[in-house]
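The values are calculated or read from the model by the stated rules, or taken from the named source; none is laboratory data. If you're wondering where the values come from, they're calculated on a predicted model, not measured in any experiment. Neighbour counts are summed over all protein chains in view; Cβ atoms, including those assigned to glycine, are modelled from backbone coordinates with ideal geometry.
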Ligand SMILES: CCCCCCCCCCCCCCCC(=O)SCCNC(=O)CCNC(=O)[C@H](O)C(C)(C)COP(=O)(O)O
Ligand SMILES: Nc1ncnc2c1ncn2[C@@H]1O[C@H](COP(=O)(O)O)[C@@H](OP(=O)(O)O)[C@H]1O
């Protein structure tokens, strides 16, 4: 080996070690593992990547299928994002309980796992409800919008009468200055969209950024306690691909059906289903970061998502409480 290559190797190793030590120190100071810090940081990276792609791509490359709100991934998955997250976590827990994982052997351990899981799911669901659906009136994201001067404007009288008959119309809406349409500042963004109004004038935190990051953090932090290693994860996936491609040597023997092999794989690798949804959420977050909202609106969505995870997963660690940690 030449001395230049050896010197470079030494330099890389030294830099890697410095980075590794700094990372460990930082993780320890905030009570997180290095993996968690990387995962939490990946959303900031997603942010920066989205911005760079937006700035440096040509118009044709930037505006495509994923920029269309009606695309199937948005309508069928993200818009029902918490429901998908619920399905995945339920399937994950069923697989873990059936897998005889060393952490859940006894009946007592299983009950404790389910109880803690339910508490954390309920709090995370409540936080999602408060931010996106209802918070003693308008959800937090809509409250922020209204408090910063936003309104639902340009609602046509025809639409209004269809959804707000009689006195309800006057309770929520007032005529706009143009004299042709109506406006309101106490209805949700969801209702405004239904009335075909214009949701404008305020700071509108991104519900998509919130939901995608919130769901990802929940799935990651909830399932990482059972994580094995990347080599065994990829090893199982490679093994399955090999089995699916292989023609059985003994044609007379009863081979396992392909479906049975896939089911076996999901049983042996419960994290795979989580990995699939996390990949979709990361990709959709990138699309939101490239195409939608202002930087500040996305940042507020991100901060509210971090806040939920901090409250449920990091605050108990910080306080040294073991009541809801497993
Ligand atoms: C130990 C195991 C723990 C798990 C326990 C599970 C218990 C299961 C109980 C099952 C009850 C069913 C509960 C179903 C929960 C749901 O999620 S129902 C609601 C589904 N709705 C959504 O997912 C909507 C998501 N969309 C949004 O929030 C918004 O559209 C948006 C993405 C924020 C965007 O907002 P816009 O205004 O549209 O821009
Ligand atoms: N990744 C994505 N793909 C498609 N549409 C997206 C998207 N991210 C955000 N949007 C759309 O951008 C608008 C603002 O999203 P949000 O405020 O939730 O961040 C929403 O439009 P609609 O409200 O008309 O559906 C939403 O559907």
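When segment 196-218 is filtered for residues that are more than 13 Å from ligand 2 (Cβ to nearest atom), surrounded by 21 or more Cβ atoms within 10 Å (Cβ to Cβ) and closer than 30 Å to residue 168 by Cβ, nothing remains.
Scanning segment 257-306 for residues that are assigned to a loop (DSSP other than H, G, I, E, B) and in contact (Cβ under 8 Å) with a residue 12 or more places away in the chain yields 269, 270, 292, 293. Among the residues making up segment 16-32, those that are closer than 14 Å to residue 317 by Cβ and in contact (Cβ under 8 Å) with a residue 12 or more places away in the chain are 30, 31, 32. Evaluate segment 71-78: report whether one residue or more is over 16 Å from residue 208 (Cβ atoms), touching a residue at least 60 places away in the same chain (Cβ under 8 Å), surrounded by 12 or more Cβ atoms within 10 Å (Cβ to Cβ) and in the same structural domain as residue 132 (by TED's automatic domain parsing). No, there is no match, as no residue in segment 71-78 is over 16 Å from residue 208 (Cβ atoms), touching a residue at least 60 places away in the same chain (Cβ under 8 Å), surrounded by 12 or more Cβ atoms within 10 Å (Cβ to Cβ) and in the same structural domain as residue 132 (by TED's automatic domain parsing).
Quick grid of which residues meet (1) assigned by TED's automatic domain parsing to the domain that holds residue 287; (2) modelled with pLDDT under 95:
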{"residue": "191", "(1), (2)": "no, no"}
{"residue": "196", "(1), (2)": "no, no"}
{"residue": "215", "(1), (2)": "yes, no"}
{"residue": "219", "(1), (2)": "yes, no"}
{"residue": "238", "(1), (2)": "no, yes"}
{"residue": "242", "(1), (2)": "no, yes"}
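Of all residues in segment 148-175, those that are part of a loop (DSSP other than H, G, I, E, B) and either surrounded by 15 or more Cβ atoms within 10 Å (Cβ to Cβ) or touching a residue at least 60 places away in the same chain (Cβ under 8 Å) (or both) total 3.
Name the single residue that is surrounded by the most Cβ atoms within 10 Å (Cβ to Cβ) among those in segment 138-147 being within 16 Å of ligand 1 (Cβ to nearest atom) and in contact (Cβ under 8 Å) with a residue 12 or more places away in the chain. Quick ask: steps written out before the conclusion?
To start, the set of residues in segment 138-147 that are within 16 Å of ligand 1 (Cβ to nearest atom) comprises 138-146.
Next, only the ones that are in contact (Cβ under 8 Å) with a residue 12 or more places away in the chain stay: 138-142, 144-146.
Values: 138: 20, 139: 22, 140: 19, 141: 24, 142: 30, 144: 19, 145: 26, 146: 21.
Here the residue is 142.
Considering segment 45-62, the residues that are within 22 Å of the chain's Cα centre (by Cα) and in contact (Cβ under 8 Å) with a residue 24 or more places away in the chain include one that is surrounded by the most Cβ atoms within 10 Å (Cβ to Cβ), namely 46.
Residue 143 meets the conditions (1) assigned by TED's automatic domain parsing to the domain that holds residue 214; (2) out of contact with any helix residue (DSSP H, G or I) (no Cβ under 9 Å at 6 or more places or on another chain) in every case but one. The failed one is (1).
Filtered by the rule that a residue be more than 10 Å from ligand 2 (Cβ to nearest atom) and over 21 Å from residue 219 (Cα atoms), segment 267-297 gives 294, 295, 296.
Scanning segment 85-93 turns up no residue that is without any contact (Cβ under 8 Å) to a residue 60 or more places away in the chain, more than 22 Å from the chain's Cα centre (by Cα) and in a helix (DSSP H, G or I). Residues that are outside the structural domain of residue 311 (by TED's automatic domain parsing), surrounded by 12 or more Cβ atoms within 10 Å (Cβ to Cβ) and either away from ligand 1 (no atom under 16 Å from the Cβ) or in a helix (DSSP H, G or I) (or both) occur in segment 5-25; there is at least one. Evaluated against (1) more than 13 Å from ligand 2 (Cβ to nearest atom); (2) at pLDDT 95 or above; (3) farther than 21 Å from residue 222 by Cβ, residue 264 falls short on exactly one condition, (2). Any residue that is modelled with pLDDT of 95 or more, within 16 Å of ligand 2 (Cβ to nearest atom) and closer than 25 Å to residue 218 by Cα - is there at least one of those in segment 90-112? So far as segment 90-112 goes, no, none of its residues is modelled with pLDDT of 95 or more, within 16 Å of ligand 2 (Cβ to nearest atom) and closer than 25 Å to residue 218 by Cα.
With respect to (1) within 14 Å of ligand 1 (Cβ to nearest atom); (2) surrounded by fewer than 17 Cβ atoms within 10 Å (Cβ to Cβ); (3) at pLDDT 90 or above, the lone exception for residue 281 is condition (2).
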